[in-house]
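Peer 1: Let me begin by handing over the structure; questions about it come next.
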């Protein structure tokens with residue numbers, strides 16, 4: 001069987017499998033970029049007050065801001081990506097700390113822009129419709145609207161000047177979970193040990209030796225459970241801080257203060273939760289069939305650590321080159337220059353593939369990429385089909401950034417997080433469709449249907465469940481409920497999980513799996529996970545339009561969605577692209593399609609496990 005090469009350190013990795021971060025600097029040193037940045041900051045400070053008294057000075061301020069943003073994007077992405085390939089790198093951590101410290105000193109000198117806007121709001125209102133401000137009108141309107149929640153000038157100044165001293169629960173969480181939590185070893189039936197890491201765990205859970213699977217599954221959870229009180233306290237403190245700030249600013253709730261940033265109504269959450277809960281039944285049917293097929297295949301009851309086991313024998317190890325070839329084939333159907341940019345990304349080292357110790361877990365495509373030629377992707381490739389899927393997913397993000405940067409001015413180029421998951425999930429759907437259409441056997445089709453259903457369950461069902469848990473968590477903390485212990489969070493988590501359970505008997509207090517109430521990184525992203533579920537539903541809508549309308553739908557997808565950046569509020573961008581996220585219709589369609597896949601999965605499974613063998 002083909003195996004994926006393992007590396008002990010980042011220095012061992014072939015250059016072609018690492019991203020080319022030095023290109024960000026563009027023949028300058030980091031120190032030179034920082035000097036350029038702070039020289040511009042000096043100019044900003046010089047006109048910080050007078051710019052509201054002279055429109056030409058305000059335009060100069062905008063021009064300086066454009067230049068600063070590009071340089072800041074370069075510095076931020078260079079340092080953060082350097083850090084993420086080794087999160088305990090002392091030199092990079094020091095450089096980040098020094099840049100943040102110096103930036104904070106300049107921020108103090110610059111003072112509170114909110115205070116200045118409040119002081120000059122009448123002038124700004126008169127300027128709003130000037131054509132020269134078209135690029136920033138949306139931001140100015142949002143700031144004027146937020147003045148209703150502004151605090152006293154001295155308080156705003158204090159908050160601005162002391163922000164660098166605020167603890168960062170997200171950063172502490174990342175260091176703890178990515179570097180300091182030791183998952184131990186998975187042990188084989190022959191007592192051979194295999195180190196468990198975020199990178200090795202997916203393959204260990206697919207191993208044919210049940211003892212390896214079981215120990216990998218349990219030891220991973222045990223490792224996190226050892227830190228459950230610390231993790232619970234971190235999450236509570238993160239949300240409590242947001243709650244205190246939001247309520248003190250007289251928002252009706254913390255959630256509404258966050259949703260307001262995207263002009264999203266709470267009714268959207270109710271629509272999502274209602275539609276997911278009422279369709280849980282079809283997944284119970286799927287799980288029952290999967291357990292039957294597992295029993296038939298392995299002559300044993302399926303346990304939690306068996307969930308990743310392949311029920312059919314198909315190709316399940318891919319080299320990086322094979323994954324690249326699939327990505328190129330999948331995206332070849334896209335119009336305009338989309339396929340050429342994907343090839344460029346591969347050839348010009350936009351992607352950092354390989355997992356090594358102390359590298360950040362998971363995967364991402366960089367944000368704040370305007371002015372950077374390469375829109376970098378970090379991943380932890382393990383040779384599985386999941387990793388092929390991750391490559392396609394992250395390339396979707398990068399091409400979204402490419403088209404937004406190309407078609408929008410700098411202040412409107414950074415698409416909002418609300419829209420961020422759509423392009424990536426759309427690419428996942430393209431991949432599954434491509435693989436299914438090229439499948440040569442019932443077994444391949446069965447495996448692909450299983451992967452597609454699992455993706456839906458993980459992206460829509462589980463993220464919605466987590467979001468509903470967050471929803472209750474935020475609201476309870478707003479009420480002052482004492483949720484600062486693991487036991488309190490676990491109780492809230494379990495009560496929520498029952499609403500989304502495929503088998504409610506499995507949902508109970510004191511199960512190790514309940515640690516997920518504290519270890520989802522996106523819980524630190526200001527009420528984020530529901531956007532994955534919405535993103536899947538929207539991506540599915542775009543995908544179905546493509547299957548019916550062909551190339552015209554793909555052109556509209558690029559022209560109206562990928563290229564839109566942040567030119568309007570998310571719901572309006574989607575509506576212009578042909579998707580109404582407040583309509584029950586798109587949710588019903590998504591569940592109708594996945595139900596068809598479940599029926600095909602069951603039909604194929606019966607053929608494979610009861611007729612062929």
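Only the coordinates and a few stated rules stand behind these numbers; no lab work does. Note that the structure is a prediction, hence the values are computed from the model and not measured. Note that we place each Cβ from the backbone using ideal geometry, even for glycine, and neighbour counts take in every protein chain shown.
Peer 1: For the range 393-412 and the range 100-166, what is the separation of their C-alpha centers, rounded to whole Å?
Peer 2: Result: 26 Å between the Cα centres.
Peer 1: Cα centroids of the range 496-521 and the range 537-608: how far apart, whole angstrom?
Peer 2: So the two Cα centres are separated by 29 Å.
Peer 1: Another one. At a 10 Å Cβ-Cβ cut-off, how would you order 305, 127, fewest neighbours first?
Peer 2: Ranking 305, 127 by Cβ neighbours within 10 Å, fewest first, gives 127, 305.
Peer 1: A further question follows. Give me the mean projected area, in nm² to one decimal, of the convex hull enclosing the Cα positions of the range 13-167. Intermediate values should be presented prior to the final figure.
Peer 2: Details: hull surface 46.0 nm².
With every direction weighted equally, the projected area is 11.5 nm².
Peer 1: Using only the alpha carbons of the range 482-606, determine the length spanned along each of the three principal axes and report them from longest to shortest in whole angstroms.
Peer 2: Dimensions of the range 482-606 along the principal axes of its Cα atoms: 53, 46, 22 Å.
Peer 1: Return the calculated 222 nm mean residue ellipticity for the chain, to the nearest 500 deg cm²/dmol, obtained by summing -39500 (n - 2.57) across DSSP H runs with n ≥ 4 and dividing by the residue count.
Peer 2: The per-residue figure over the chain is -18500 deg cm²/dmol.
Peer 1: Find the all-direction average of the projected area of the Cα convex hull for the range 182-226, expressing the result in square nanometres with one decimal place.
Peer 2: Averaged projected hull area, Cα only: 2.7 nm².
Peer 1: Quick check on packing: order 412-421, 88-97 by the mean number of other C-beta atoms within 10 Å, highest mean leading.
Peer 2: Put in order of decreasing packing, that is 412-421, 88-97.
Peer 1: Another question, if that's okay. Which whole-number percent gives the relative contact order of the chain, counting Cα pairs below 8 Å spaced six or more residues apart?
Peer 2: On the way: 748 pairs, mean separation 112.8, N = 613.
Relative contact order comes out at 18 percent.
Peer 1: Let me ask something else. Where the centroid of each part is defined by its Cα atoms, how far is the range 216-231 from the range 313-387 in Å?
Peer 2: Using only Cα atoms to place each centre, the spacing works out to 31 Å.
Peer 1: Further question: Within 10 Å, count the other beta carbons around each residue, average over each peptide in 480-490, 456-466, and list them highest first.
Peer 2: 456-466, 480-490
Peer 1: Count the DSSP beta bridges whose two residues both fall in the chain, then state the antiparallel fraction as a percent rounded to the nearest 5.
Peer 2: On the way: 5 of 8 bridges.
Roughly 60 percent of the DSSP beta bridges within the chain come out antiparallel.
Peer 1: To continue, here is another question. Given contacts defined as C-alpha pairs under 8 Å and at least six residues apart, what's the relative contact order of the range 13-167, whole-number percent?
Peer 2: 23 percent
Peer 1: What angle do you read, to the nearest 10 degrees and between 0 and 90, between the alpha-carbon axis of helix 267-278 and the longest principal axis of the chain?
Peer 2: It works out to around 0 degrees.
Peer 1: Taking only Cα atoms of the chain, what ratio of Rg to Rh do you get with Rh as the Kirkwood inverse-distance radius?
Peer 2: Reported Rg/Rh (Cα atoms, Kirkwood Rh): 0.96.
Peer 1: A follow-up question, please. What is the angle, in °, between the Cα long axis of helix 422-437 and the longest principal axis of the Cα atoms in the chain? Nearest 10 is fine, range 0 to 90.
Peer 2: Once rounded, the angle reads 30 degrees.
Peer 1: Something else now. Starting with the fewest neighbours, write out 153, 382 ranked by other beta-carbon atoms found within 10 Å of each beta-carbon.
Peer 2: 153, 382
Peer 1: Using alpha carbons only, how many degrees (0 to 90, rounded to 10) separate the axis of helix 442-456 from the longest principal axis of the chain?
Peer 2: 40 degrees
Peer 1: Here's a follow-up. Gain in length, residue 56 to residue 510, computed as 0.36 nm per residue apart minus the alpha-carbon separation, to one decimal in nm?
Peer 2: Extra length available between residue 56 and residue 510 comes to 157.0 nm.
Peer 1: Of the listed peptides 254-265, 496-507, what is their order by residue-averaged count of other C-beta atoms within 10 Å, with the highest listed first?
Peer 2: Ranked from most to least packed, the peptides come out as 254-265, 496-507.
Peer 1: Bin width 10 Å, alpha-carbon pairs only: give the P(r) of the range 471-551 as whole percents, running from 0 to the bin holding the largest distance.
Peer 2: 15, 36, 27, 14, 7, 1
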